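Trainee: Submitted below is the structure of interest, expressed as structure tokens.
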Amino acid sequence: MEFHGTMRINERGHLEIGGCDTVELARVFGTPLYVLDEELFRENCRAYQRAFAKENGRVLYAGKAALNLAICRLLDEEGLGLDVVSGGELYTALQARFPASRIYFHGNNKSPAEIRMGLEAGVARFVVDNLDELEVLSSLATELGREAEILLRLTPGIEAHTHEYIRTGQIDSKFGLVVPNGQAMEGVRRSLALPGIILRGLHCHIGSQIFELEPYAEATRVLLGFAREARDATGWTIEELDLGGGLGIYYHEGDDPPTVDSLAETIFGAVREAAETYGLPVPLVTVEPGRSIAGPAGTTLYTVGTIKEIPGVRTYVAVDGGMGDNPRPALYGAVYEACVANRPLGEGETTVSLAGRCCESGDMLIWNVVLPAVKRGDIVAVSCTGAYTYSMASNYNRFPRPAMVLVREGQAELIVRRESYADLIRHDLVPARLRETTL
Ligand code: LLP
């Protein structure tokens, strides 16, 4: 397993993160446990701020990757903005006293109640996904006597090479206004005509876990080319260009993602060039990274339970978590790395497969991972699990969702409590007629 951030092997020969012995973390907080490396999380925020804020740029963290009150506080301290996609994410941010003036509200089907919530909070931007939303936003903004500053989300028709479920830039997508068929232009016209709407710019998001930079340059050209057409047609001038998130991260051997600096260089280069080509002023450039900030900063700890050896076939090493806390391998065939936290340099390396404990054959965390000889009670650490794990976790099979700890300089602080069995039935109700039934 490649080490990230503050990971190292300590004097006891254990994996350490943020100055905390992971075996000790597992003992104190239990497993499965999400461990968030504060220093690396902050460093990833700063890498984006350095690369984008130095020019005319703005960085919003995509809350969908991982969001809770403590994470909102870290983001606020680092001066980032926040992209939220639901009333729940917005509520979390507001409860954490994250300034609404740095929040962008996304979503392809915002409910009127969510739109109202965003307007009342005074979010910085609504990223409007479709014409229907535009009408609702306009009427609610008018009713509340507010003005909504918006970006229009466009589908630029770009196919980035990533898993089809997380590809979003192509024309056949549930997201955004299509450019070639005139829908996007209709969006501009209506935005300019409707009361309570101020059109600031254009948005697109071409996908996630992207390792190539050229699609960002291509998206820039498409959006600014469209901005030029829109200016010719309506006189409106683009002020902001939001290119979404998507930068890939290292998950396993062979992954070689571009740096944040090279992403910034590509984007700013393409923006300058396209602005000149189309005779437009250079707009404010916004990016929305989620995975590349949270992903590498997270590690999940598990305890090894049953080991099932099928001679000549494979050895299944079952741990106390799985698709409930990390659905990515089952959903996308995502591949992770792991080590034995209490013996990262142990002897007797063998190839095993890490199994989850849900009632699904597909609940496998890692197929064919090389680990030192493993036994019941060992602590296994799976790296780069900071993004799209906790935020996509479920209670399938009624397993309580794990806790999350924030580690830094030898201190570990609980930032999400482990769910209890009582939490699992908290919302269950039994109709009166069933309560009296005896067996
Ligand atoms: N902005 C928008 C509008 C997005 O839809 C997304 C991600 C992002 C920003 C952040 O993208 P990132 O930098 O994290 O790649 N559950 C999938 C990923 C879904 C991404 C959805 N949108 C996974 O686990 O791989």
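Trainee: Do any GluC sites (Glu not before Pro) in the stretch 230-259 lie in a DSSP loop with no more than 11 other beta carbon atoms within 10 Å, and if so, which?
Mentor: Of the GluC sites (Glu not before Pro), the ones in loops of the stretch 230-259 whose Cβ has at most 11 other Cβ atoms within 10 Å are 253.
Trainee: Restricting to Cα pairs below 8 Å that are 6+ residues apart, what does the relative contact order work out to for the stretch 200-332? Please round to a whole percent.
Mentor: Dividing the mean separation by the residue count of the stretch 200-332 yields 25 percent.
Trainee: Full extension from residue 375 to residue 171: what is 0.36 nm times the residue separation minus their Cα-Cα distance, to one decimal in nm?
Mentor: Value of the extension gain: 68.4 nm.
Trainee: How large a share of the accessible area of the chain, in percent, is made up of carbon and sulfur atoms when the probe is 1.4 Å and the other protein chains stay in place?
Mentor: Roughly 49 percent, rounded to a whole number.
Trainee: Filter the GluC sites (Glu not before Pro) in the stretch 1-52 down to the DSSP loop ones having no more than 12 other Cβ atoms within 10 Å, then list what survives.
Mentor: 11
Trainee: Could you let me know the centre-to-centre spacing of the stretch 265-286 and the stretch 287-324, using Cα atoms, in angstrom?
Mentor: Using only Cα atoms to place each centre, the spacing works out to 42 Å.
Trainee: Might you tell me the accessible area per residue for the chain, computed with a 1.4 Å probe and given in Å²?
Mentor: Result: 43 Å² of accessible area for each residue.
Trainee: Rounded to the nearest 0.05, what FRET efficiency do residue 53 and residue 277 have when you use their Cβ-Cβ distance and R0 = 30 Å?
Mentor: 0.75
Trainee: While we're here: Please state, rounded to one decimal and in Å, the Kirkwood hydrodynamic radius that the stretch 18-96 gives when every pair of distinct Cα atoms enters the mean of 1/r.
Mentor: For the stretch 18-96, the Kirkwood estimate is 14.1 Å.
Trainee: Taking R0 as 45 Å, what's the FRET efficiency between residue 39 and residue 198 from their Cβ-Cβ distance, rounded to 0.05?
Mentor: The formula returns an efficiency of 0.70 here.
Trainee: Separate question: How far apart, in nm, are two points set 7 Å out from the Cα along the Cα-to-Cβ line at residue 10 and at residue 143?
Mentor: Going by the 7 Å Cα→Cβ label model, 5.6 nm.
Trainee: For the stretch 320-439, what value does the Rg/Rh ratio take when both radii are computed over Cα atoms and Rh is the Kirkwood radius, given to two decimals?
Mentor: Result for the stretch 320-439 is an Rg/Rh of 1.08.
Trainee: Related question: Helix-only mean residue ellipticity at 222 nm, the chain, DSSP H runs n ≥ 4 weighted -39,500 (n - 2.57), per residue, nearest 500. What is it?
Mentor: -8500 deg cm²/dmol
Trainee: Here's something else I'd like to know. Taking Rh as the Kirkwood radius computed over C-alpha pairs, what is the Stokes-Einstein D of the stretch 58-105 at 4 °C in a medium of viscosity 1.567 mPa s, expressed in µm² per second?
Mentor: Answer, rounded: 129 µm²/s.
Trainee: Sorted by mean Cβ packing within 10 Å, highest first, what order do the peptides 220-227, 199-206 take?
Mentor: 199-206, 220-227
Trainee: Further question on the same structure: Mind listing which trypsin sites (Lys or Arg not before Pro) in the stretch 83-128 are in a DSSP loop and have 13 or fewer other Cβ atoms within 10 Å?
Mentor: In loop regions of the stretch 83-128 (DSSP not H, G, I, E or B), the sparsely surrounded trypsin sites (Lys or Arg not before Pro) are 97.
Trainee: May I ask you to derive the relative contact order of the stretch 77-229, considering only C-alpha pairs under 8 Å and at least 6 residues apart, and to give it as an integer percent?
Mentor: Relative contact order here is 20 percent.
Trainee: Excluding residue 403 itself, calculate the net charge of residues whose Cβ lies under 10 Å from the Cβ of residue 403, where each Lys or Arg counts +1 and each Asp or Glu counts -1.
Mentor: +2
Trainee: What percent does the relative contact order of the stretch 291-339 come to when contacts are Cα pairs within less than 8 Å and at least six residues apart?
Mentor: The normalised contact order for the stretch 291-339 reaches 23 percent.
Trainee: Turning to a different aspect of this structure: Over the stretch 51-137, what lengths in whole Å, largest first, do the semi-axes of the equivalent ellipsoid take, defined as the square roots of 5 times the eigenvalues of the alpha-carbon gyration tensor?
Mentor: Semi-axis lengths for the stretch 51-137 are 22, 15, 10 Å.
Trainee: So what is the orientation-averaged projected area of the stretch 126-270, using the convex hull of its C-alpha atoms, in nm²?
Mentor: 9.2
Trainee: Which FRET efficiency value, to the nearest 0.05, is calculated for residue 435 and residue 331 with the Förster distance at 25 angstrom and r the Cβ-Cβ distance?
Mentor: E between residue 435 and residue 331, to the nearest 0.05, is 0.05.
Trainee: Sorted from largest to smallest, which semi-axis lengths in Å does the alpha carbon gyration tensor of the chain give for its equivalent ellipsoid, taking the root of 5 times each eigenvalue?
Mentor: 41, 26, 20
The values are calculated or read from the model by the stated rules, or taken from the named source; none is laboratory data. Keep in mind that what you see is a predicted model, and the values were worked out from it rather than measured. In this analysis, Cβ positions are derived from the backbone assuming ideal geometry, glycine residues included, and neighbour counts consider all displayed protein chains. Note: accessible area is taken over every heavy atom of the protein model, side chains too, but ligands, DNA and RNA are not part of it. Shrake-Rupley method; radii C 1.70, N 1.55, O 1.52, S 1.80 Å.
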